[in-house]
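> Can you read through this structure? Questions will come right after.
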Amino acid sequence: MKKQVNKWLAGAGILVLAAVSAGCGKAVETGGGTTTAATDKPGESPAGQARKVIVGTGTKFPQVCFIDQNGKLTGFDVELIKELDKRIPEYEFEFKTMEFQSLLLSLETNKIDFIAHQMEKNPEREQKYLFNKEPYSIFLNKVAVEINNDTIKTIDDLKGKKVRTGATSNEAYILQEYNKKNNNAIEIVYDNATANDLVDKIRKGRIDATVTSDFALRNYTDKDGKVALKTVGEPLTESDVLYVFRKTDGKLADRIDQAIKEVKADGTLSKLSIQWLGQDFSNVGTQKK
């Protein structure tokens with residue numbers, strides 16, 4: 001039986017099971033988190049059977065991991081995992097969707113086995129988690145403001161202003177580190193606002209800016225569908241995008257690295273990057289942090 005990824009989709013507070021191959025195992029998920037944990041460990045699966053691996057991701061990052069108009073979980077990170085799954089017969093990947101801020105805790109508590117959500121390294125994360133070595137993209141974090149705002153040009157112009165970010169995100173870490181060096185000059189606002197809500201808050205003056213990447217700007221539109229934000233200044237960081245594992249799962253991380261090298265070599269990663277991110281980030285190496 002051909003192995004495929006099991007997909008779990010969210011809608012109106014109810015999670016709907018997408019079609020899976022007959023005979024494949026099923027797990028149950030409810031809104032906001034999973035009700036079953038990944039308990040299989042390397043070597044515990046019966047001989048000849050793939051080890052089930054639970055991949056944690058989100059549903060609110062357009063182009064990366066989101067629910068499309070047909071109720072399907074898709075995006076760059078999702079479609080890449082599906083492709084890697086085809087190339088790693090000893091593992092069977094299954095998605096678990098949840099809020100972004102729940103991903104790292106779910107990894108620690110064995111509810112998922114690794115995270116696919118445009119994750120970047122930072123010193124705090126490296127102390128607690130394992131990252132694979134082969135990047136599959138690059139994330140350029142920049143300050144983003146309302147498209148007609150010409151007064152904010154760099155992060156230093158955010159002193160005394162409100163900047164929105166998501167809790168536990170690398171963008172939050174960047175802002176927190178800036179505040180440590182600048183006497184808490186920026187008022188950091190933590191929330192999980194949708195793209196439309198974020199645009200509305202910026203235009204109404206409730207916040208002044210956020211931190212994001214150029215490829216994500218297409219998601220921040222006004223009621224007429226026009227892009228409402230722009231990035232300014234030089235990148236705050238240029239970070240490799242990697243997967244996050246528990247420290248004990250080095251074997252799984254190494255096997256995924258092998259598969260990433262394959263999709264880079266045959267051009268598959270390049271095609272997915274252009275399709276979803278609008279640019280080819282497939283030939284990235286280790287970037288400066």
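The values are calculated or read from the model by the stated rules, or taken from the named source; none is laboratory data. None of these values were measured; they are calculated from a predicted model. Counting neighbours? That spans all protein chains shown, and the Cβs are built from the backbone with ideal geometry, glycine included. The area values use the complete protein model at the heavy-atom level, side chains included, leaving out ligands, DNA and RNA. Shrake-Rupley method; radii C 1.70, N 1.55, O 1.52, S 1.80 Å.
> If a residue must be open to solvent by less than 10 Å² (accessible area, probe 1.4 Å) and either touching a Phe, Trp or Tyr at 6+ places or on another chain (Cβ under 6 Å) or farther than 24 Å from Ala193 by Cβ (or both), how many such residues does segment 58-80 contain?
Within segment 58-80, residues that are open to solvent by less than 10 Å² (accessible area, probe 1.4 Å) and either touching a Phe, Trp or Tyr at 6+ places or on another chain (Cβ under 6 Å) or farther than 24 Å from Ala193 by Cβ (or both) number 5.
> OK, next. When residues of segment 139-166 are filtered for being assigned to a strand (DSSP E or B), open to solvent by 20 Å² or more (accessible area, probe 1.4 Å) and out of contact with any helix residue (DSSP H, G or I) (no Cβ under 6 Å at 6 or more places or on another chain), how many remain?
4
> Working carefully through the options Lys128, Lys142, Lys133, Lys111, find the one that is of a type in the set (Lys, Arg) and either free of Cβ contacts under 8 Å to residues at least 12 places away in the same chain or within 20 Å of Val199 (Cα to Cα) (or both).
Testing whether each residue is of a type in the set (Lys, Arg) and either free of Cβ contacts under 8 Å to residues at least 12 places away in the same chain or within 20 Å of Val199 (Cα to Cα) (or both) leaves just Lys142.
> Have a look at Glu124, Glu171, Glu134 and point out the one that is touching an Asp or Glu at 6+ places or on another chain (Cβ under 6 Å), under 21 Å from Ser239 (Cβ atoms), open to solvent by 10 Å² or more (accessible area, probe 1.4 Å) and among the charged types (D, E, K, R).
Going through Glu124, Glu171, Glu134 in turn, the sole match is Glu134.
> To continue, here is another question. Looking only at residues that are assigned to a helix (DSSP H, G or I) and charged (D, E, K, R) in segment 205-231, which one is least open to solvent (accessible area, probe 1.4 Å)?
Looking at residues that are assigned to a helix (DSSP H, G or I) and charged (D, E, K, R), I get Asp214.
> How about segment 232-249: which of its residues are crowded, with 19+ Cβ neighbours inside 10 Å, in contact with a strand residue (DSSP E or B) (Cβ under 6 Å, 6 or more places away or on another chain) and over 16 Å from Leu140 (Cα atoms)?
Hits for segment 232-249 are Tyr243, Val244, Phe245.
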